[in-house]
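J.: Handing you a structure now.
Nothing in this text is a laboratory measurement; each read-out follows from the coordinates by a stated rule. Keep in mind the model is a prediction, meaning the values are calculated, not measured. FYI the Cβ positions are ideal-geometry reconstructions off the backbone, even for glycines, and counts take in every protein chain you see.
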Amino acid sequence: MAITLQDPLPDHFADISPEETDRLIAKCREELGDRVVILGHHYQRDEIIKWADHRGDSLKLSQLAGANTKAEYIVFCGVHFMAETADILTTKEQSVILPNLSAGCSMADMASIRQVEHAWSQLQSVVDCNVVPVTYVNSTAAIKAFVGRNNGACCTSSNAARVISWAFEQGEKLMFFPDQHLGRNTSVALGVDPDREMVTWDPALPLGGNSTEAIRQAKVILWKGHCSVHARFTTEQIAEARATHPGVKVIVHPECSLDVVKAADASGSTEFIIQAISSSEPGTTWGVGTEINLVNRLARELPDRKIFCLDPVVCPCSTMYRIHPYYLLWSLQNILMGAPTNIIMVQEPTASDARRALDRMLSL
Ligand code: SF4
C-alpha cells in the first residue's frame, strides 16, 4: 500500500464531546441496522471495540466479513491490509470501509511489490530450483497477488507451521514475506537451522545482502520486515518479569524475535494468547508480549489473574490507534447520507490473484 493520508475531518468534529460522539454513533447504528457490520481488531482502543459487532484478529474478521453476505457495508476498524483482505473475501455488492485511510501497517509497508518483484528476479538468477513464496496475511493485496500468481500461499500466525510445511512439500526453498520473525520462529520450530539454512533478504542490498552460496544453501529466505510493536519485546524484559513475579508465565506473539520466543513459556497468535490466558487458573500471573490495548483489556476482563505487558514503556500500535471514534462516526454518518467514504477496493486482477493465495491457505 502506498502511504495514504486521510483528509481532515470537518471542523465541527472538534466541538463534539466523547459523550455526544457515543450518542451519535449509537443513533447511526440504530438507523443503519443490518445494513452495516462493524468489525474491531483486538488491538483497537476500547472506545472503538465497544461498537464492534465482532472482534478478532485480522483473518477471523475477514472471514466473518466474507460469511456476512447481508450487510451492505463492512466498517473495518483495523488497518489497511485487513480492509483489503475483507474486500477480496466479500461480494461485489458489499463495500468495505476503513474509517481512517492513514491506518496502515508499518510491517506491510516494508515489502512493496516493486521491491518483491526485483528480489524475486534476482533470486531466480542464482538458484535453479523451485522457490515457493509464502506471505503473512499482514501484507498488501499486491504482495498476496504476487504470491498467488507464483503458486504460493498466505498464512496467519495461527497456521504458519501448516503453510510452511506445505511449502516444503512443493519446493526446495521458500521465501517468506514480510515478517522475518514469524518466518524464522515457525521454521525453527519445524527443525530448520537458523544459522545454516536461513538467510534474511534486505531489499536495499544486492542479493538481499547475501552471497550466492548462502542463498543456494538456504531452505528459507526471510524478507527483512518486522512489526514495530512486537520488535520492542526483549529477553531482558522477560528476565525482569521472572525476577519480579516468581511463577509468572510469559506468553508472546510470534512476531517477536527468536530469542524472545525461546525465552518465553509459550508463543502464539493473538487468538492463542487470549485463549491461553482466559482458560488459565484464577490466581495465575501472566507477562504478555503483545499490543497494549489487548493486554489491558484482558487484565480488565479477567481481574482474578494478574496480567501485565512485558514492555514497561507501553506502546500501542500507532496505526491501529488512528481509528478514533470521530472517524467511526464520520464513516457511519456518510453512509447514512448516501455518500460513503474511504471504500477500500482491490482491483482485478490483483483481487483474483490474491484470492488464490488466500484460498490455498484456507484449503490446507
Ligand atoms: S501491530 Fe504490528 S503488524 Fe499489527 S498492524 Fe500494528 S504494526 Fe502492523
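J.: Of the DSSP beta bridges with both residues in the chain, give the percent that are antiparallel, rounding to the nearest 5.
T.: Numbers: 1 of 37 bridges.
Bridges in the chain that DSSP calls antiparallel: roughly 5 percent.
J.: Which residues in the stretch 210-235 have a backbone N closer than 20 Å to a point placed 7 Å from the Cα of S125 along the Cα-to-Cβ line?
T.: Label zone hits: 210-218, 221-224.
J.: Also, I was wondering about something else. Along each of its three principal axes, how wide is the spread of alpha-carbon positions in the stretch 1-73, in whole angstrom units, largest first?
T.: Over the stretch 1-73, Cα extents along the principal axes are 38, 34, 23 Å.
J.: Kindly write out, for the stretch 212-219 in residue order, the coupling ³J(HN,Hα) from the Karplus curve 6.51 cos²θ - 1.76 cosθ + 1.60 (θ = phi - 60°), rounded to whole Hz, with x marking Gly and Pro.
T.: 4, 4, 4, 5, 5, 7, 6, 8
J.: Compute the orientation-averaged projected area for the stretch 178-307 from the convex hull of its Cα atoms and round it to one decimal in nm².
T.: On the way: hull surface 34.5 nm².
Here the figure is 8.6 nm², rounded to one decimal.
J.: How long is the gain from S106 to E172 if the chain were fully straight, where each residue apart is worth 0.36 nm and the alpha carbon distance is subtracted? Before the final figure, lay out the partial values.
T.: Working: separation 66, 0.36 × 66 = 23.76 nm, distance 3.01 nm.
Full-extension gain reported as 20.8 nm.
J.: Just report the Cα centroid separation between the stretch 239-253 and the stretch 260-277, whole Å.
T.: The two parts, judged by their Cα centres, are 12 Å apart.
J.: Residues of the stretch 33-47 with the amide nitrogen closer than 15 Å to a label point 7 Å from the Cα of K70, along Cα-to-Cβ, please.
T.: 33-38
J.: Please report the relative contact order for the chain, taking Cα pairs under 8 Å with a sequence separation of at least 6, and give it as a percent rounded to a whole number. Don't skip to the end; give the middle numbers.
T.: Values: 725 pairs, mean separation 79.5, N = 364.
That works out to 22 percent.
J.: Follow-up question, since we're still on this one. Can you tell me the Rg and Dmax of the stretch 230-309, counting just the alpha carbons, in angstroms?
T.: Cα only, the stretch 230-309: 11.3, 31 Å (Rg, Dmax).
J.: Turning to a different aspect of this structure: Over what distance in Å are the Cα centres of the stretch 1-52 and the stretch 134-208 separated?
T.: So the two Cα centres are separated by 35 Å.
J.: Using a Cα-Cα cut-off of under 26 Å, which lysines could be cross-linked to K27, ignoring same-chain neighbours fewer than 8 residues away?
T.: Partners found: K50, K70.
J.: Over the alpha-carbon set of the chain, divide Rg by the Kirkwood Rh and report the Rg/Rh ratio to two decimals.
T.: Working: Rg = 20.9 Å, Rh = 21.3 Å.
So for the chain, dividing Rg by the Kirkwood Rh gives 0.98.
J.: When you have a sec, figure out the Kirkwood radius of the stretch 142-220 from all distinct Cα pair distances and drop it here in Å to one decimal? Write down the numbers at each step before the final one.
T.: On the way: mean 1/r = 0.0765 Å⁻¹.
Mean inverse Cα-Cα distance, inverted, gives 13.1 Å.
J.: Taking 0.36 nm per intervening residue step and subtracting the Cα-Cα distance, what contour gain separates K50 from K92 on full extension? Each step should come with its number before you reach the end.
T.: Working: separation 42, 0.36 × 42 = 15.12 nm, distance 2.83 nm.
Additional length available on full extension: 12.3 nm.
J.: Which log10 I(q)/I(0) values, to two decimals, does the stretch 107-266 give at q = 0.10, 0.21 Å⁻¹ under the Debye formula with one point per Cα?
T.: The Debye formula, applied to the Cα set alone, gives -0.36, -1.38.
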